[in-house]
1. Sort through Thr61, Thr84, Thr40 and tell me the only one that's part of a loop (DSSP other than H, G, I, E, B), crowded, with 16+ Cβ neighbours inside 10 Å and out of contact with any Cys (no Cβ under 8 Å at 6 or more places or on another chain).
2. Assess whether Ile144 counts as being in contact (Cβ under 8 Å) with a residue 12 or more places away in the chain, hydrophobic (A, V, I, L, M, F, W, C) and out of contact with any helix residue (DSSP H, G or I) (no Cβ under 6 Å at 6 or more places or on another chain).
3. If Lys27 satisfies all but one of (1) within 22 Å of Cys105 (Cα to Cα); (2) assigned to a helix (DSSP H, G or I); (3) among the charged types (D, E, K, R), what's the number of the condition it fails?
4. Give me the pairs, please: first residue somewhere in the stretch 98-122 and outside the structural domain of Lys177 (by TED's automatic domain parsing), second residue anywhere and in a strand (DSSP E or B), beta-carbon distance under 6 Å, and either six or more positions apart or on two chains.
5. Filter the stretch 102-132 down to the residues that are out of contact with any strand residue (DSSP E or B) (no Cβ under 8 Å at 6 or more places or on another chain), in a strand (DSSP E or B) and at negative phi and list them by number.
6. So which residues in the stretch 252-311 are more than 25 Å from Phe24 (Cβ to Cβ) and among the acidic types (Asp, Glu), if there are any at all?
7. Considering only residues of the stretch 195-219 that are free of Cβ contacts under 8 Å to residues at least 24 places away in the same chain and assigned to a strand (DSSP E or B), which is surrounded by the most Cβ atoms within 10 Å (Cβ to Cβ)?
Amino acid sequence: MSSDKAKVYFGSVQHGKASRFASFAAKFDKIVELLLEQITIEKKDKVAIKMHLGFNDGYQTIPVFFVRRLVEAVKKKGGYPFVTDNPTAVYNAVSRGYTQETCGCPIIPIAGVKDGYTTPVEVNYRGIDTLDLAGALKDADVLIDLSHAKGHGSCGYGGAIKNLALGAYSGPTRWRKIHGASHVDEYWDKEKGSPELAKKLVEVCPYGALSYNEEKNEFRRNYHDCRQCRTCLEMDHGAGVIKLPRESYSAFNEMMAIATNEVLKTFKPEKVMYLNFLMWITTYCDCLGCGQPSIVNDIGVVGSKDIVAVETATLDLIKKEGLIEKNIPPYNKHVNLNPDEDLHPFTRVHGPYKDPYETVVFAEKMGMGTSKYELIEILSAEETMKMEPPKREFEGEPTFF
Ligand code: SF4
């Protein structure tokens, strides 16, 4: 195998024996062990485990079961781990089972209790001068980017890059600046557009992605909800009053890559590792705060020291697995299921301008890693099928009989 390929470890949910030694937890532990051997944790290093703890009624975030195992493994290496996320998610994390007691380490709001503990980082992109980087993350010595891989409304996919690009900044940066990158290109001609046309367009959009404030004469597209179905363009009859600029969709992806790069600049490369959980692969991300049907089967977990490789491997595995068509929510009326088109499942669901690989391509161009990877499966079903399991125990350590 060529040495310029990044190693990506893969643990599948499929197993070769119904036994603990071949289980998904055993694979996760092994991948964590392999990665922790390859990064540097000095004694008393503060180790940030950046994950999304979810909101409200969302329960498809990474189970505390795995967080605790990761925390214990970091402690064994001499590090002082802490779980971190935005202050809102931290505040009500207990509703989803995450507490200091269950995780085994403190849970710290990433940008302080009032979301104001930040440092500006200069980006100068599309008129956006600075982003407010979260202080608790910047203070850490080591970063473990622990991400849930799933769909995302604005760009098709959310994983390791999105976990940092949006999750490592204050709320105003996340919502106004990073999402705002899509709103720089003009998509509504104020001079030519009438309030009557604006109202008709709002009515006609099948996804409620358009809104109009008559008082301010402000017309807005919510790029997260837009499926690029072109219904609004058809109503415009080619007059050019409303546009669907391709570059607006790319801008969010490029902005995410830039934001992530700024986070990574604050860590030494030997002090960062990535774990992506390819489970509960839903249409939208966990910010929605509600359960959703999985549109792709559970696949497993991947881990790497290379963010581009881990994201590429994640997307490739999801593409190979394909959509569970019957689980696609009925309100999504523009899913492209044409088998003759070589599309990623997330593009099929979110629309042609939402290419999940795009932000990864930007990240590679910025030098954050390589898309060339070697997938190393840990304890594959083929391997464990041939292995002799230890004596089976149904109620071991300790037993209460
Ligand atoms: S392209 Fe379709 S989904 Fe997007 S704003 Fe226009 S009508 Fe709405």
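1. Numbers: Thr84 fails: part of a loop (DSSP other than H, G, I, E, B); Thr40 fails: crowded, with 16+ Cβ neighbours inside 10 Å.
The conditions single out Thr61.
2. Numbers: in contact (Cβ under 8 Å) with a residue 12 or more places away in the chain: yes; hydrophobic (A, V, I, L, M, F, W, C): yes; out of contact with any helix residue (DSSP H, G or I) (no Cβ under 6 Å at 6 or more places or on another chain): yes.
When the stated conditions are applied, Ile144 passes them.
3. With (1) within 22 Å of Cys105 (Cα to Cα); (2) assigned to a helix (DSSP H, G or I); (3) among the charged types (D, E, K, R) applied to Lys27, the lone miss is (1).
4. Nothing qualifies.
5. The answer is Tyr125, Ile128.
6. Matches in the stretch 252-311: Glu254, Glu262, Glu270.
7. Looking at the filtered set, the residue picked out is Leu210.
Yes/no matrix, rows are residues, columns are (1) among the charged types (D, E, K, R); (2) within 16 Å of the ligand (Cβ to nearest atom); (3) farther than 19 Å from Val360 by Cα:
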{"position": "Lys216", "(1), (2), (3)": "yes, no, yes"}
{"position": "Tyr223", "(1), (2), (3)": "no, yes, yes"}
{"position": "Gln228", "(1), (2), (3)": "no, yes, yes"}
{"position": "Glu234", "(1), (2), (3)": "yes, yes, yes"}
{"position": "Lys243", "(1), (2), (3)": "yes, yes, yes"}
{"position": "Phe252", "(1), (2), (3)": "no, yes, no"}
{"position": "Leu264", "(1), (2), (3)": "no, no, no"}
{"position": "Lys271", "(1), (2), (3)": "yes, no, yes"}
{"position": "Tyr274", "(1), (2), (3)": "no, no, no"}
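The values are calculated or read from the model by the stated rules, or taken from the named source; none is laboratory data. None of the values given here were measured: they were computed from a predicted structure. Because the Cβ atoms are built from the backbone with ideal geometry, glycine has one as well, and the counts that use them run over all protein chains shown.
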